[in-house]
Each structure stands twice: as C-alpha cells, then as structure tokens.
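Notes for the one structure printed next.
The values are calculated or read from the model by the stated rules, or taken from the named source; none is laboratory data. Remember, predicted model here, so these are calculated numbers, not experimental data. Heads up, the Cβs are rebuilt from the backbone with ideal geometry, glycines too, and the neighbour counts pull from every protein chain shown.
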Amino acid sequence: MIEEAVASLGEPPFRARQVYEAITRGLVTDFSAISTLPVRLRKALAARLQPVTIEEVETRVTRRGDARKTLFVTADGQPVEAVLMTPPRRATVCVSSQIGCAVGCAFCASGRLGLRRDLSAEEMVDQVLAAQRALKPEGRHVTNVVFMGMGEPFHNYDETLRACRLLNDPAGFGLAARAISVSTAGVVPGIERFAREPLQLNLAVSLHAGTDVLRDRLVPLNRRYPLDAVFTACERYVARTRRKLLFEYVVLEGVNDTAEQVEALARRLRRPLFHLNLIAYNETGGPFRRPRPGALSAFRGRLEAAGVRCTVRRSPGDDIKAACGQLALRSVRAAAQ
Ligand code: SF4
C-alpha cells in the first residue's frame, strides 16, 4: 500500500522504504513526523493514507504492573485487544488475529462472541508496534510475539503468516522468527501447511483435553479435527521441522484434571519435543472453576510421574481481564453499547 501510494505520487521507490522504516522502526504514527521526507510528500501521503490501522482507545495495567491490555478500534469501528506482558527480561505481546472467534471453546470469552471478521496483517502488526511504543520510554523492546489473543490464527492463515513475515523483516521490525509463536486450536490443514513454512516460527496447539469425548465438549473444533488427526499432523510437524511443539492446556478444576485425562495425555504426549504448558483457568463467569491453590501443581506432578514433560505458565493480567481466554468480553460489550 505504501509502495503504491508513493509510486502514484511519482516518487522513487526509496521513498517508500523510508516511510516503511519510519513506521516499523521509528514508530511514527503521523506522516508529518517523518523528517527524512520532503514536506510536500508528507502532506500528500497524509491526504491518502493512515500510517496506523488501529487506534488506541484504552489501556489497563495490572496491579503488579506486569501486564497491560490495550483496546484498539479498527477503521471500521471494530474492537481489537492485545496484551503486553512484561515479566523481568521479557516483553511479550499477545496478538489477536481475528475479531471474535468461530471455534467457540466452552471456557473462552472470545469464543462466546462468534466471529466478526479477520484482521489484516497490518492490523496485527500495529498491535505489536503499539506495544513497542509503550516500551520505548523505558528503553525496552518487544522480545516475543505470540498469536494467542482473540481468534484462531489458522482460520486467517494467509494474513497471520504475512504478519509474521512483516514482523520478522530485517528491513523493518526485525524480530527473530524464533521469537514468534502461532497458536492453533487444532486446525489440521493449518498445522500441515505451517510445517512447510520456511521461517523458523514456533507452533503451539491448544489441547485442553486428552480424550475426544471431553475435547468435543471443550473445543468444538475437535468434532471436525479429532485428536488422532491433530496428533498425526503434530507428529509430522515435529518430524519435518525438528522443532519443539508446545501444547497449551487451560486447567479447569474437576473437568480436565482427572486421572482419566492424565492417562490419556500421557499416551499422546510421551514423545520427544512435545511439551505441555499448564495454565490455570481464569474465570469469565461461566460454569468452570479455577483450580484451587495446590491443585495445579498436584496435576503437574501426576503428569510428570506419567512421563509428560510439562510446566506451569503463570498467566498475568487476570485482574484486568487480560489473561488467557478473557479477551474481548468487557470491551466488546462496551463498544456495542
Ligand atoms: S480459546 Fe482461542 S480458539 Fe478457543 S474460542 Fe477462544 S480464541 Fe477461539
């Protein structure tokens, strides 16, 4: 789009590169701030283009200050949320790939909305650039990007991968591919396609259950892509890429932390390069409960005893509804009012 606008103004291609660098590295949000451009070109571009595709509406910061959730609005008035997590030495942006989500996981706030529309690559990249702008005054940088916000990235495959390539572009934002992770609820054709991508991106699969009976209930997409199909694709992915594969597992007390699930998970996950990440459920007003203190580590202990490599991931941001599965409920309701 930048190239086309610059070319249509009769300017040489290097001007487009200057604009691209100013946006992705200089983090400008206004063409008038691009001092490398002649003033007439800045004005002409401002009349044709917007340098940012989403506008910040509100940012909420956790009590501990370790996460911030930003609500943006797109040019067509749709709400989008992204979360910046800043534990010591890291700054991870959790990016939304769609507005709402069609997967409809039983415990997820985003899933209750249904799908409104896909986000463009630029709308995804702009979530990261906004986070970088927030970090800049502290002299910090975005270290990781995870496509784990609202949406199923593989239902918007082409734009998600284009966003990954833009973020990775050494002439632009320049984030290492290994610092970018894409998470799917188990879209098998997406996993197969992702395994063939030349970039060394990370893959995560949201599992949430070890049996089809339970997963059909928690992740309705399982009826289309049952666990055998998902794991066949995962094993092919690992064989082809030799990369570690992370399985995300939101723990719902008394539902998916039972002995039956431990046994089923162990059967599927006792493989080299498979790793299970446990996340305590963050309550969103539905029927599920967060595991009581101690229950999560006990579940982890039983899994490890059964031979599953696993870790517990702390999910910052539950006091601002920015934790896993909590995105978009409050803001979309507010935006609809
Ligand atoms: S957990 Fe992810 S895949 Fe499931 S409904 Fe929520 S956003 Fe969609």
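Consider A185 carefully, then state whether it is within 16 Å of the ligand (Cβ to nearest atom) and in contact (Cβ under 8 Å) with a residue 60 or more places away in the chain.
Yes, satisfied.
Please state which one of D216, D228 is in a helix (DSSP H, G or I), modelled with pLDDT of 95 or more and away from the ligand (no atom under 14 Å from the Cβ).
Residue meeting the stated conditions: D228.
Among the residues of the stretch 43-70, count how many are crowded, with 18+ Cβ neighbours inside 10 Å and out of contact with any strand residue (DSSP E or B) (no Cβ under 6 Å at 6 or more places or on another chain).
6
Within the group F247, F288, F274, which residue is aromatic (F, W, Y), farther than 18 Å from S183 by Cβ and surrounded by 20 or more Cβ atoms within 10 Å (Cβ to Cβ)?
Criteria check complete, one pass: F288.
Within the stretch 201-214, does at least one residue satisfy the condition of being buried (at least 17 other Cβ atoms within 10 Å of the Cβ) and over 24 Å from A280 (Cβ atoms)?
Yes, there is a match, as at least one residue in the stretch 201-214 is buried (at least 17 other Cβ atoms within 10 Å of the Cβ) and over 24 Å from A280 (Cβ atoms).
Inside the stretch 277-295, can you point out the residues that are in contact with an Asp or Glu (Cβ under 8 Å, 6 or more places away or on another chain) and of a type in the set (A, V, I, L, M)?
I279, A295
Does the stretch 97-111 hold any residues that are within 7 Å of the ligand (Cβ to nearest atom) and on the phi < 0 side of the Ramachandran plot, and which are they?
Scanning the stretch 97-111 gives C101, V103, C105, C108, S110, G111.
Looking only at residues that are within 16 Å of the ligand (Cβ to nearest atom) and at pLDDT 95 or above in the stretch 112-122, which one is surrounded by the fewest Cβ atoms within 10 Å (Cβ to Cβ)?
Filtering first and then ranking leaves R117.
Right, A33: outside the structural domain of A163 (by TED's automatic domain parsing) and small (G, A, S) or not?
yes
Restricting attention to the stretch 279-317, which residues are under 17 Å from P87 (Cβ atoms) and of a type outside the set (S, T, N, Q)?
Correct list: I279, A280, V312, R313, R314, P316, G317.
Would you be able to tell me the number of residues in the stretch 1-23 that are among the small types (G, A, S) and part of a loop (DSSP other than H, G, I, E, B)?
Going through the stretch 1-23 one residue at a time, the tally reaches 1.
Keeping to the stretch 246-264, report how many residues are part of a helix (DSSP H, G or I), of a type in the set (A, V, I, L, M) and in contact with a helix residue (DSSP H, G or I) (Cβ under 8 Å, 6 or more places away or on another chain).
2
Looking at R165, is it assigned by TED's automatic domain parsing to the domain that holds S183, part of a loop (DSSP other than H, G, I, E, B), surrounded by fewer than 21 Cβ atoms within 10 Å (Cβ to Cβ) and more than 16 Å from the ligand (Cβ to nearest atom)?
Against the criterion (assigned by TED's automatic domain parsing to the domain that holds S183, part of a loop (DSSP other than H, G, I, E, B), surrounded by fewer than 21 Cβ atoms within 10 Å (Cβ to Cβ) and more than 16 Å from the ligand (Cβ to nearest atom)), R165 does not qualify.
If I filter the stretch 132-162 down to residues being assigned to a loop (DSSP other than H, G, I, E, B) and within 14 Å of the ligand (Cβ to nearest atom), which single residue comes out as nearest to T184 (Cα to Cα)?
E152
Let me confirm something: among R243, R267, R292, which residue is within 24 Å of the chain's Cα centre (by Cα) and either part of a strand (DSSP E or B) or assigned by TED's automatic domain parsing to the domain that holds F147 (or both)?
Testing whether each residue is within 24 Å of the chain's Cα centre (by Cα) and either part of a strand (DSSP E or B) or assigned by TED's automatic domain parsing to the domain that holds F147 (or both) leaves just R243.
Need the failing condition index for A91 against (1) of a type in the set (A, V, I, L, M); (2) more than 16 Å from the ligand (Cβ to nearest atom); (3) over 16 Å from F147 (Cα atoms), just the number.
Evaluating A91 over (1) of a type in the set (A, V, I, L, M); (2) more than 16 Å from the ligand (Cβ to nearest atom); (3) over 16 Å from F147 (Cα atoms) leaves (3) as the failure.
Looking only at residues that are touching a residue at least 40 places away in the same chain (Cβ under 8 Å) and more than 22 Å from V73 (Cβ to Cβ) in the stretch 137-151, which one is surrounded by the fewest Cβ atoms within 10 Å (Cβ to Cβ)?
H141
Name the residues in the stretch 67-96 that are among the acidic types (D, E) and farther than 21 Å from L175 by Cβ, would you?
Scanning the stretch 67-96 gives a single hit, D76.
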